[in-house]
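Presented below is the structure to which this report refers.
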């Protein structure tokens, strides 16, 4: 299981919360394959700095890298003094609809802000599809999905995320087929953060690999330009040679420096 200091269910469900690919895997390597009930897993720092970070891992909205892009990230952030919350969100499919991941992320932000753990602000760290979801927290909620108040973070860290190159009409791969299931493609079509940013987005740290074979680096350029156009400040780092999903465990490669760069940036924007 994913041991945590706090476990906050976000909604009721008739069955268990989530399913792990390997129940015996170390928490740092856990992969979630199904989610009945979204859950926030909270990790407490030894020396709290008055701030919290919501962590949104990747997995292409069909799985969740809750270990490499969740628990490991939480361990890094708690070492800096943040309360760190890993969101195990629902996936978009016929039973949930396309809005499920964003609805869960919004609920998580509301829950963290309502607690007394982060009086000085709440940020978000999102990697891969979790980076897309993180960026959506700074955008307009689709009107045809309902009337939902925004829950914009105070700072954002976004890594190797498919911002809009999966959306219909905005791909850069010729004849790219729709992504299954249909609800996942509908999510990417409806949520294109670079085209839907709210004015004055919070400071953002954006990190990508220039030769990413899974998520084209064009997503980084689109997001950075959109941030600037909306009146926000974005620090962009592109490492020429790095694997997709580099996260925090690529030792001896230049991209392994990105957490240190991010820490310096967090100090610069007065969030550390």
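Read-outs throughout are calculated quantities, based only on the coordinates presented, and are distinct from any laboratory measurement. In this text, all values refer to a predicted model and were calculated from it rather than measured experimentally. In this analysis, Cβ positions are derived from the backbone assuming ideal geometry, glycine residues included, and neighbour counts consider all displayed protein chains.
Could you say which residue among 38, 45, 101, 9 is under 13 Å from the mean Cα position of the chain (by Cα) and under 24 Å from residue 123 (Cβ atoms)?
101
Going residue by residue through the stretch 20-33, is there one that turns out to be within 25 Å of residue 162 (Cα to Cα), buried (at least 23 other Cβ atoms within 10 Å of the Cβ) and under 20 Å from the mean Cα position of the chain (by Cα)?
Yes, the conditions are met somewhere in the stretch 20-33.
When you scan the stretch 23-47, how many residues do you find that are within 18 Å of residue 111 (Cα to Cα) and not in a strand (DSSP E or B)?
So the count comes out to 3.
Would you confirm, using the coordinates I've provided, whether residue 159 is closer than 21 Å to residue 193 by Cβ and in contact with a strand residue (DSSP E or B) (Cβ under 9 Å, 6 or more places away or on another chain)?
Taking the combined requirement at face value, the residue satisfies it.
From the set of residues in the stretch 92-121 that are touching a helix residue (DSSP H, G or I) at 6+ places or on another chain (Cβ under 7 Å) and under 21 Å from residue 67 (Cα atoms), which is surrounded by the most Cβ atoms within 10 Å (Cβ to Cβ)?
Top of the filtered list is 101.
How about the stretch 197-221: which of its residues are out of contact with any strand residue (DSSP E or B) (no Cβ under 6 Å at 6 or more places or on another chain), assigned to a helix (DSSP H, G or I) and more than 13 Å from residue 166 (Cα to Cα)?
221
Within the stretch 229-272, track down each residue that is without any contact (Cβ under 8 Å) to a residue 24 or more places away in the chain, under 22 Å from residue 129 (Cα atoms) and assigned to a helix (DSSP H, G or I).
The answer is 256, 257.
Check the stretch 103-114 and report whether any residue there is closer than 22 Å to residue 151 by Cβ and free of Cβ contacts under 8 Å to residues at least 12 places away in the same chain.
Yes, some residue in the stretch 103-114 is closer than 22 Å to residue 151 by Cβ and free of Cβ contacts under 8 Å to residues at least 12 places away in the same chain.
Could you look through the stretch 63-83, keep only residues that are under 14 Å from residue 112 (Cβ atoms) and more than 13 Å from the chain's Cα centre (by Cα), and pick out the one that is surrounded by the fewest Cβ atoms within 10 Å (Cβ to Cβ)?
Here the residue is 83.
Please specify each residue of the stretch 48-58 satisfying the condition of being surrounded by 23 or more Cβ atoms within 10 Å (Cβ to Cβ) and not in a strand (DSSP E or B).
51, 57, 58
Could you give every pair whose Cβ atoms fall below 7 Å, whose first residue belongs to the stretch 61-72 and is free of Cβ contacts under 8 Å to residues at least 60 places away in the same chain, and whose second residue is crowded, with 24+ Cβ neighbours inside 10 Å and part of a helix (DSSP H, G or I), counting only separations of at least 6 or pairs across chains?
none
Which members of the stretch 115-149 meet the condition of being closer than 23 Å to residue 215 by Cα, assigned to a loop (DSSP other than H, G, I, E, B) and touching a residue at least 60 places away in the same chain (Cβ under 8 Å)?
Those that are closer than 23 Å to residue 215 by Cα, assigned to a loop (DSSP other than H, G, I, E, B) and touching a residue at least 60 places away in the same chain (Cβ under 8 Å): 128, 138.
Based on what the data block shows, is residue 194 buried (at least 16 other Cβ atoms within 10 Å of the Cβ) and outside any loop (DSSP other than H, G, I, E, B)?
yes
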